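These notes are about the structure you will find just below.
Just so you know, all these numbers are worked out from the coordinates, no wet-lab data involved. All figures in this text were calculated on a predicted structure; none of them were measured in a lab. Here the Cβ positions follow ideal geometry from the backbone for every residue, glycine too, while neighbour counts run over all protein chains shown.
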């Protein structure tokens, strides 16, 4: 069978030689899995995690949107998780977590910071996705459980879609507020124009149709959001 160090220790099958190997691999920032029977360890496998190439850019993009604190929740060992987090620019690491530990960590973060967005793709992430203020599942590699639990599903495994999604969500909220304020303002102006007799039938129709057209065009600006962001970044990098 194959299991973690915690499982082997619970079975009482850990041997001094295997424990020394596990300790050495973990000190190198590697995740270990043990192979053996219920009585003894037969071998140790060491896996080195590497962050995705776009991970650092994604974290930097989130911080550019004002998300100041990022946390990695993982079941891997602490040293391996810290090595990956340092490369990706993540601020804090909580390692060697079971699914219920991730839920508890999310709850503590919500108490300390308010709203929390949780990003995950596996079965072990599903409870934490459901607990967070906003659960975001990476759709390409995500399990069915994670996809069904999340509030937002990104149909691409590209991590740079995370800051894009945050920016698009905020832009959408701004447009919604602008449209509401404008529509209410036009209605109030029309009501006030009734009392002195300034509002004729044709003027009322024109105001209503004009407000509808303007609100629609303002909303359509979101269709160009991605292209506008890319042009802005290219212009900034060229300076």
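Side notes on the structure shown:
- The stretch 39-107 shape via C-alpha gyration tensor axes, a/c threshold 1.5: oblate
- With 0.36 nm allotted per residue and the present C-alpha distance subtracted, the residue 133-residue 20 stretch has 36.5 nm of extension available.
- Counting 0.36 nm for each residue step from residue 39 to residue 177 and taking away their Cα separation leaves a gain of 43.2 nm.
- Share of alpha-carbon pairs per 5 Å distance bin for the stretch 55-159, given as whole %: 2, 14, 21, 25, 26, 11, 0
- Using a Förster distance of 22 Å, the FRET efficiency for residue 69-residue 169 (Cβ separation, nearest 0.05): 0.75
- Put a dot 7 Å past the Cα of residue 201, heading toward its Cβ, do the same for residue 156, and the two dots end up 5.2 nm apart.
- Across the stretch 2-47, the volume of the C-alpha convex hull divided among the residues equals 55 Å³ per residue.
- Between residue 208 and residue 144, the contour length at 0.36 nm per residue exceeds the alpha carbon distance by 18.5 nm.
- Helical content alone sets the calculated 222 nm signal of the chain at -18000 deg cm²/dmol, taking -39,500 (n - 2.57) per DSSP H segment of four or more residues and averaging over every residue.
- According to the Kirkwood relation over distinct C-alpha pairs, the hydrodynamic radius of the chain is 21.8 Å.
- Paramagnetic reach from residue 47 in the stretch 120-140 [backbone N under 15 Å; point 7 Å along Cα→Cβ]: 121-125
- Panel order for 157, 76, by other beta carbons found within 10 Å of each beta carbon, from fewest to most: 157, 76.
- Look at where the Cα atoms of the stretch 23-44 and of the stretch 113-129 average out, and the two centres are 28 Å apart.
- The fewest-to-most ranking of 54, 28 by surrounding Cβ atoms within 10 Å reads 28, 54.
- DSSP beta bridges in the chain [antiparallel fraction, %, rounded to 5]: 45 percent
- Inter-site label distance for residue 7 and residue 78 at 7 Å from Cα along Cβ, in nm: 2.3 nm
- Ranking of 70, 200 by neighbouring Cβ atoms within 10 Å, starting from the fewest: 200, 70.
- Label sites at residue 184 and residue 54, each approximated as a point 7 angstrom past Cα along Cα to Cβ, lie 3.8 nm apart.
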